[in-house]
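Everything on this sheet refers to the single structure shown next.
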Amino acid sequence: KELKFSGTLVSCCASVWDWNHILPCQLWLLENGSNDNITNCMNISLVLRFMVVTCSQRHINSKSIRENSKSQELKILNSDNGLKRSVRLALEGSKEKGKDERIQRNQVPDWLHFLLILSKSGKQHLQMVMGQLLAELQSKTYADRVLFATVLRLYVDDASQNLSNAMLRNALVKAVKMFASDWVHWRCSLDSQADQMIGLFFFQPSQRTANPIVEFGKQYPLVILRNFEVFTKQLENDGSLRLDATNNDKTRIDAHNNMGFIASKANRRVAKVRVRHWGYSFSEPLWLFSLDIWMAVPKEVLFDCGCAMGLYDFLSMYLKVLLVQQGLMNGTKTAPLKKKLEAMLSSFRSANIAAFHEWEEKQVWTGQSGKNKQIATKCGISTNEPQ
């Protein structure tokens, strides 16, 4: 109760003070943050609440701020020391609620909120904040889990930032694997662009609609990985379509049950029906170009981070449809799809042999239970290392 009341008081003061009062207070808090005698008397949560409220009044809703040396709000960041102290203050706040606290999509703690404000105040400041976080990773002063989550959150907030720094790329790859189940739900600055391209491709799968996604995946491989589950679901739905629902689409590969018609009794009447199951019909362009899209993603990302983002289920979906088509004696029509899948599996094996063997041992349900390796063998796909 005392903390809640104090937080309200801090927010009220910050809302009525002018910058002649706020700025000296901000600078004093940052300059004395390294003084143990003072910090022992400070409540870090309240300090961060004050910094967030005073800085966010103009910053939080804008992606960039016009650089102005006279801007009062930016004076705390005018020097490297000011930025370093700000980042250190935020990271100290990250310790308050435990090292393994999950960073959720909407409930952003004040320490992370403050870092987002700093990074949004300009591209240069974003790079400086990232650099400071990477330096802290090397120093081992703070929990790796918190630092990796923070780096990933700042990247998602502005995924267009330059990834020429090898240390940053490695940190992001580790962070994606660490938070695979969480970060797909965080808002990303490029989500709408990716959704629009993917939606158009699903509506009309072709080389023309696949090319923009290919280029996007090359430039933003971590962002495109967030859509693995979307592709797998689309493939599954495509294999469920009835023949009459496809309007005789000539791009679809269709097969019939070899058993022919069977008798069906309903309401004392007998009718001849032909049984159709999942995978009897599928859109060849959708399945072929989907493989092209994912094979364009850098292999060190696709076959590393992708394993935690839905790669296994995506590949298994292809084995399912090939096995169904083979059972219908329709293997010749699926030869192009089989060839492309073999190429992707070969790249997978070469890039990450441990993950590839893990995928081979995964169980698949195709009307009959079996492991991926067994299903691949039945489909005539060799998963063994080339001699």
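Numbers below:
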{"quantity": "Amide H contacts of VAL364 (H built 1.01 Å from N, under 5 Å, at least 5 apart or other chain)", "calculated": "GLY370, LYS371, ASN372"}
{"quantity": "Per residue value of the accessible surface for the stretch 133-229 (all protein chains in place, 1.4 Å probe), Å²", "calculated": "45 Å²"}
{"quantity": "Probe 1.4 Å - accessible area at LYS120, Å² to nearest ten", "calculated": "40 Å²"}
{"quantity": "Ratio Rg/Rh [Cα only; Rh per Kirkwood] for the stretch 138-241", "calculated": "1.04"}
{"quantity": "Above-threshold pairs, the threshold being 25 Å between Cα atoms, out of LYS84/LYS123; LYS177/LYS362; LYS177/LYS320", "calculated": "LYS177/LYS320"}
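The values are calculated or read from the model by the stated rules, or taken from the named source; none is laboratory data. Predicted, not measured: the structure shown is a model, and the values here were computed from it. What goes into the accessible areas is simple: the full protein's heavy atoms, side chains included, and nothing from ligands, DNA or RNA. Shrake-Rupley method; radii C 1.70, N 1.55, O 1.52, S 1.80 Å.
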